[in-house]
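All of the numbers you see were taken from the coordinates with simple rules; none came from a lab. Everything numeric in this text was worked out from a predicted model, so none of it was measured. For neighbour counting, all protein chains shown are included, and Cβ atoms are generated from backbone atoms with ideal geometry for every residue, glycine included.
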Amino acid sequence: MARGSTHPARRPRVTIALAGDTMLGRGVAAVLESAPPASLFAPEVVAAAREADLVLLNLECCISNRGERWADPRKPFFFRAPPAAVELLTHLGVDCVTLANNHALDFGTVALTDTLDFLHAAGIETVGAGADVDEARRPAVLETNGFRLGIVGVTDHPADYAAGPGTPGVAFARLGWGIPDWLSKTISRLDVDAVLVTPHWGPNMIERPLPEIRTAAARLLEEGATVIAGHSAHVFQGVGGPVLFDLGDFVDDYATHPVLRNDLGLLCLLTLDAEGPIQLEALPLKLDYCHTRLADGPDAAWIRRRFTWACSELGTRVTEDRGRLVIDWRSAQTAPQARGSVSSSSAPYSSTTSSTTNRAQGRTR
């Protein structure tokens with residue numbers, strides 16, 4: 001079924017649960033080896049994810065008991081999860097993960113191969129990494145409710161992890177330099193109702209998408225992306241047009257920045273049809289050490305203020321309904337903006353502080 005070809009009265013739609021960086025190594029790995037995997041998420045978070053037709057997240061680690069650390073003296077963090085991580089993903093109802101990120105090869109190609117084998121054996125689709133460059137760039141096509149969704153994963157760092165002919169690795173592209181031909185063709189040639197591109201882009205711990213990221217988003221839309229869901233910053237950013245610039249973190253053992261609050265996040269339930277996104281419901285999350293639950297009280301209020309501000313800078317209006325933050329794209333009050341410079345208005349907090357409070361061993365890119 002070609003995009004946009006169905007009659008509006010009969011047009012199928014799909015709801016996707018989108019979660020950001022899901023780091024199951026280090027301290028989280030220790031919990032997975034000593035406690036039931038289901039203990040990492042509160043039941044309410046799992047129930048919310050399972051409201052969706054499909055669940056997609058960025059898997060910020062490999063899954064393996066094998067491999068050696070990538071030989072890079074400049075790299076400070078290496079993330080490897082035990083095989084029990086697969087049980088956690090199936091408990092969440094995950095249908096697809098992107099492995100296009102800077103941790104897929106932390107323990108070498110043997111661990112990446114194990115990751116792919118474990119996930120595929122569990123019926124979980126993967127994008128963004130593979131046994132060679134063709135497999136790494138290959139999209140996934142998921143079908144539900146008569147709706148065909150194409151998913152494309154790509155990362156802009158690190159170049160050392162890029163897959164090659166006959167070489168395992170990730171789907172790498174210097175997105176700040178433009179959209180490469182292979183990525184344009186991958187998006188435009190998909191015979192689906194909608195294309196979701198999920199890029200791992202930009203630096204850590206920034207509250208706004210950089211101008212080059214906004215430009216890359218606009219070009220991905222021009223190439224045929226229906227919606228974009230990014231990650232990498234470890235803090236959630238705003239939504240502009242059909243672009244969720246950064247989903248933030250989902251579960252980890254990271255240290256907490258006292259100003260940017262990477263211990264607060266969102267689980268996004270995105271509903272779309274062949275014309276594009278219809279509605280977003282974002283559930284505020286609190287990331288404790290190796291455990292994620294729904295945010296409440298002052299934490300939920302902070303998330304509401306920050307997300308509302310971040311979206312307003314990008315021309316998007318946010319409302320609230322029963323504790324969920326809502327964006328309605330079919331409303332005239334939500335303007336489609338992906339290109340251009342961001343406003344210089346101040347955030348509802350100061351971002352000049354560089355100190356951190358510890359949940360664990362520090363930040364990672």
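With q set to 0.12 Å⁻¹, the log10 of I(q)/I(0) for the range 49-207, from the Debye formula over equal scatterers at the Cα positions, is -0.50.
Could you grab the relative contact order for the chain? Cα pairs under 8 Å, six or more apart, rounded to a whole percent.
Taking the mean separation of contacting Cα pairs over the length of the chain, I get 17 percent.
The GNM of the chain, with springs linking C-alpha atoms under 10 angstrom apart, assigns the highest mean-square fluctuation among Gly67, Gly238, Gly150 to Gly67. Within the listed set Pro258, Pro277, Pro76, the residue fluctuating most in the Gaussian network model of the chain (springs between alpha-carbon atoms under 10 angstrom) is Pro76. For the range 206-289, trypsin sites (Lys or Arg not before Pro) are listed when DSSP marks them as loop and at most 10 other Cβ atoms sit within 10 Å of their Cβ; the list is empty. Our coupling estimate for the range 306-316, obtained by passing each phi through the Karplus curve with A = 6.51, B = -1.76, C = 1.60 and θ = phi - 60°, is 5, 5, 4, 5, 4, 6, 5, 4, 9, x, 10 Hz, Gly and Pro reported as x.
For the chain, the share of DSSP beta bridges that are antiparallel, to the nearest 5, is 55%.
Once the Cα-Cα distance is subtracted from the 0.36 nm per residue extended length, the Arg11 to Ala159 segment shows a gain of 49.2 nm. With R₀ fixed at 35 Å, the C-beta to C-beta distance from Asn65 to Ser331 puts the FRET efficiency at about 0.10.
When the Kirkwood hydrodynamic radius is evaluated over all pairs of different C-alpha atoms of the range 74-152, what value in angstrom, to one decimal, is obtained?
The Cα-based Kirkwood calculation yields 13.5 Å.
Under 5 Å between amide hydrogens, built in the peptide plane, is the criterion, and for His291 it picks out Asp252 among residues at least 5 positions away or on other chains.
The convex hull built on the alpha-carbon positions of the chain has an orientation-averaged projected area of 16.9 nm².
Anyone know which of Ala100, Ala300, Ala121 comes out most mobile in the 10 Å Cα GNM of the chain? So, out of Ala100, Ala300, Ala121, the one fluctuating most is Ala121.
Report relative contact order for the range 79-183 in percent, whole number only (criteria: Cα-Cα under 8 Å, sequence separation at least 6).
Taking the mean separation of contacting Cα pairs over the length of the range 79-183, I get 26 percent.
Got the relative contact order for the range 1-124 handy, in percent, Cα pairs under 8 Å and 6 or more residues apart?
30
Electrostatic bookkeeping for Pro277 treats Lys and Arg as +1 and Asp and Glu as -1; over the other residues with beta carbon under 11 Å from its beta carbon, the sum is -1.
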